[in-house]
Amino acid sequence: MAIAAPEQLNVSEIPAWGSRSVDCFEKLEQIGEGTYGQVYMAKEIETGEIVALKKIRMDNEREGFPITAIREIKILKKLHHENVIKLKEIVTSTGPEKDEQGASDGNKYKGGIYMVFEYMDHDLTGLADRPGMRFSVAQIKVALASLYARLFSLVAYQCYMRQLLTGLHYCHVNQVLHRDIKGSNLLIDNEGNLKLADFGLARSFSSDQNANLTNRVITLWYRPPELLLGTTKYGPAVDMWSVGCIFAELLNGKPIFPGKDEPEQLNKIFDICGTPNEEIWPGVSKIPWYNNFKPAKPVKRRLREHFKHFDRHALDLLDRMLTLDPSQRISAKDALDAEYFWTDPLPCDPKSLPKYEPSHEFQTKKKRQQQRQHEENSKRQKLQQQYSRLPPIQQSGHGHPQMRPGPNPQLHNSQTQVAGAPNHHYGKPRGPSAGPRRYPPSNGNPSGGYNNPNRGQGGSGYNNGQYPPQGRAPPYGSSGMPGGGPRGGGGSGYSSGGPNYPHGGSQYGTSGAGRGSNMISGSRNQQYNWQQQ
Ligand SMILES: Nc1ncnc2c1ncn2[C@@H]1O[C@H](COP(=O)(O)OP(=O)(O)OP(=O)(O)O)[C@@H](O)[C@H]1O
């Protein structure tokens with residue numbers, strides 16, 4: 001079998017893949033709008049099976065098939081685990097494509113390539129954003145029902161966290177870094193199963209951690225301090241920081257570090273986790289941008305006080321996930337061993353979790369927009385009715401301006417507010433004011449502008465308007481990256497064979513010394529139910 005050079009898709013490995021047409025599927029509904037393009041819920045016509053079709057965006061690909069898609073396909077082909085999304089096949093279309101209403105998509109001269117995934121009913125962002133899943137302290141105080149619901153959601157979160165860590169441990173053992181852990185990339189089905197998705201930024205890593213990797217990864221709110229400080233040598237600990245942010249977000253009801261840009265992101269982290277120094281984080285002063293960001297006044301860590309309302313074991317675990325020094329940060333394997341997962345109430349069987357209507361971030365956001373629009377319209381109607389009951393306006397021009405019929409300034413104001421209303425916490429990362437950005441500055445200047453020439457059409461970066469283009473930045477561009485990207489010397493790329501195995505006894509090895517994570521069976525010493533590969 002021909003071996004593909006690193007970064008090339010070895011099509012001969014997968015003869016059946018790509019041979020079927022997307023016409024084998026009927027698109028039912030759009031469920032996601034990602035950097036890649038749209039994601040659809042679709043039905044396989046022959047079998048009736050429901051799948052998710054993710055269209056690979058090709059419109060700005062003068063250089064051929066997008067590297068992020070190649071990486072995602074290559075990595076997903078070698079990962080097989082119940083907590084990692086399954087890529088079933090690749091399908092193509094040669095001619096004009098139809099949208100879910102059966103209309104041509106207007107892109108009639110272009111063929112399309114789709115990844116076919118198993119379908120998942122929710123993403124964690126969409127699910128956590130459902131009214132029934134979020135509870136304020138006030139609600140809990142006033143209603144016993146809410147208390148039950150709150151307890152129930154805590155049990156659900158514990159169950160999701162266990163699955164997230166199990167899937168991530170599997171990735172790390174197989175030497176894959178995810179590098180974009182966030183709620184909308186954690187998919188959940190109605191059986192309560194959680195799966196890691198969106199491996200477009202993932203890559204293999206070698207256990208010596210000496211290779212230079214790109215610094216420009218992980219959505220801002222979930223990005224660890226070592227990346228924000230400019231390191232290019234990192235490992236699985238980067239994903240564990242993101243897990244800590246998600247864990248705290250679930251328990252807290254909102255994101256914990258919602259920074260607008262890199263400096264603010266670091267400030268938010270330092271404010272709660274304390275400022276780093278050589279004592280608590282040996283080597284921190286050697287990280288490229290440490291001096292740029294060194295706070296004038298040291299701040300003490302106050303994470304435990306800040307989240308003192310969390311359950312004790314949850315707080316212990318969170319403390320170890322949000323450890324500034326990546327070498328002291330807890331691994332996925334050790335996190336699965338934490339008391340949090342081994343004290344009552346033990347994580348439940350995912351199947352016992354409640355079933356909800358499908359909810360993806362894309363849909364919940366759309367619904368919220370529609371609801372806002374609806375509320376505005378009825379407000380407007382009410383005001384118009386009020387005005388129509390008012391006495392007619394005198395033509396002399398002495399009347400109060402608010403008594404003038406027709407649109408008045410107030411209404412215009414409120415309309416503007418709707419259009420430009422701040423995005424909800426769970427809004428898609430679209431720009432500085434609309435959620436976390438995905439990439440740090442590409443110009444090598446940590447506190448300077450954030451234009452990213454790699455970010456899709458025209459490379460307009462983040463400063464151009466509220467909604468910058470959504471093309472996923474090839475994470476391996478070479479511009480201005482401190483230390484050079486993995487494409488340059490040192491980037492290990494992919495091995496052409498199977499995944500590399502970590503050396504026995506390493507943090508990510510499967511020596512069998514670790515305790516298993518299957519809480520349902522109640523056995524703490526059980527092995528993980530997957531094979532290392
Ligand atoms: N297999 C699936 N089943 C159900 N929904 C899915 C599936 N895959 C993706 N989605 C939905 O589509 C959204 C976008 O998918 P994905 O993250 O893979 O695309 P992306 O282009 O990488 O997006 P982003 O730029 O936000 O990371 C997800 O957040 C999820 O809501």
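The values are calculated or read from the model by the stated rules, or taken from the named source; none is laboratory data. Quick caveat: nothing in here was measured; it's all calculated off a predicted structure. So basically every Cβ, Gly included, is an ideal-geometry build from the backbone, and we count neighbours across all protein chains shown.
Residues LEU336, LEU353: which one is in contact with a helix residue (DSSP H, G or I) (Cβ under 8 Å, 6 or more places away or on another chain), in the same structural domain as HIS178 (by the TED database) and modelled with pLDDT under 75? Break it down into steps so the answer makes sense when it comes.
Values: LEU336 fails: modelled with pLDDT under 75.
That would be LEU353, the only listed residue that is in contact with a helix residue (DSSP H, G or I) (Cβ under 8 Å, 6 or more places away or on another chain), in the same structural domain as HIS178 (by the TED database) and modelled with pLDDT under 75.
Which pairs do you get when a residue that is of a type in the set (Phe, Trp, Tyr), found in segment 310-325, comes within reach of a residue that is assigned to a helix (DSSP H, G or I) and modelled with pLDDT under 95, reach meaning Cβ atoms under 7 angstrom, with the pair 6+ apart or on two chains?
PHE310/LEU251
Is it the case, given these coordinates, that ARG312 is charged (D, E, K, R), modelled with pLDDT under 95 and under 30 Å from ASP344 (Cα atoms)?
For ARG312, the condition - charged (D, E, K, R), modelled with pLDDT under 95 and under 30 Å from ASP344 (Cα atoms) - is met.
Find the residue count for segment 250-271, including only residues that are surrounded by 18 or more Cβ atoms within 10 Å (Cβ to Cβ) and closer than 20 Å to ARG304 by Cβ.
Residues flagged as surrounded by 18 or more Cβ atoms within 10 Å (Cβ to Cβ) and closer than 20 Å to ARG304 by Cβ within segment 250-271 amount to 7.
Can you pull out every residue in segment 25-40 that is assigned to a strand (DSSP E or B), surrounded by fewer than 21 Cβ atoms within 10 Å (Cβ to Cβ) and within 10 Å of the ligand (Cβ to nearest atom)?
GLN30, GLU33, GLN38
Of all residues in segment 260-289, which are small (Gly, Ala, Ser) and either part of a helix (DSSP H, G or I) or in contact with a Leu (Cβ under 8 Å, 6 or more places away or on another chain) (or both)?
Matches in segment 260-289: GLY274, SER285.
Sort through ALA2, ALA52 and tell me the only one that's in a loop (DSSP other than H, G, I, E, B) and either more than 16 Å from the ligand (Cβ to nearest atom) or modelled with pLDDT of 90 or more (or both).
So the residue among ALA2, ALA52 that is in a loop (DSSP other than H, G, I, E, B) and either more than 16 Å from the ligand (Cβ to nearest atom) or modelled with pLDDT of 90 or more (or both) is ALA2.
Among the residues of segment 185-213, count how many are in contact with a Pro (Cβ under 9 Å, 6 or more places away or on another chain), in a loop (DSSP other than H, G, I, E, B), within 16 Å of the ligand (Cβ to nearest atom) and over 20 Å from GLN158 (Cα atoms).
Qualifying residue count for the region: 2.
Does segment 220-239 contain at least one residue that is within 11 Å of the ligand (Cβ to nearest atom), in a loop (DSSP other than H, G, I, E, B) and not basic (Lys, Arg)?
Looking for residues that are within 11 Å of the ligand (Cβ to nearest atom), in a loop (DSSP other than H, G, I, E, B) and not basic (Lys, Arg), one finds none in segment 220-239, hence no.
Among the residues of segment 113-128 satisfying the criterion of being part of a helix (DSSP H, G or I) and not polar (S, T, N, Q), which is farthest from the ligand (Cβ to nearest atom)?
Step by step, filter segment 113-128, then rank; the result is ALA128.
Out of all the residues in segment 86-97, is one or more at pLDDT 60 or above, under 23 Å from LEU177 (Cβ atoms), in contact with a strand residue (DSSP E or B) (Cβ under 8 Å, 6 or more places away or on another chain) and among the acidic types (Asp, Glu)?
No: segment 86-97 contains no residue that is at pLDDT 60 or above, under 23 Å from LEU177 (Cβ atoms), in contact with a strand residue (DSSP E or B) (Cβ under 8 Å, 6 or more places away or on another chain) and among the acidic types (Asp, Glu).
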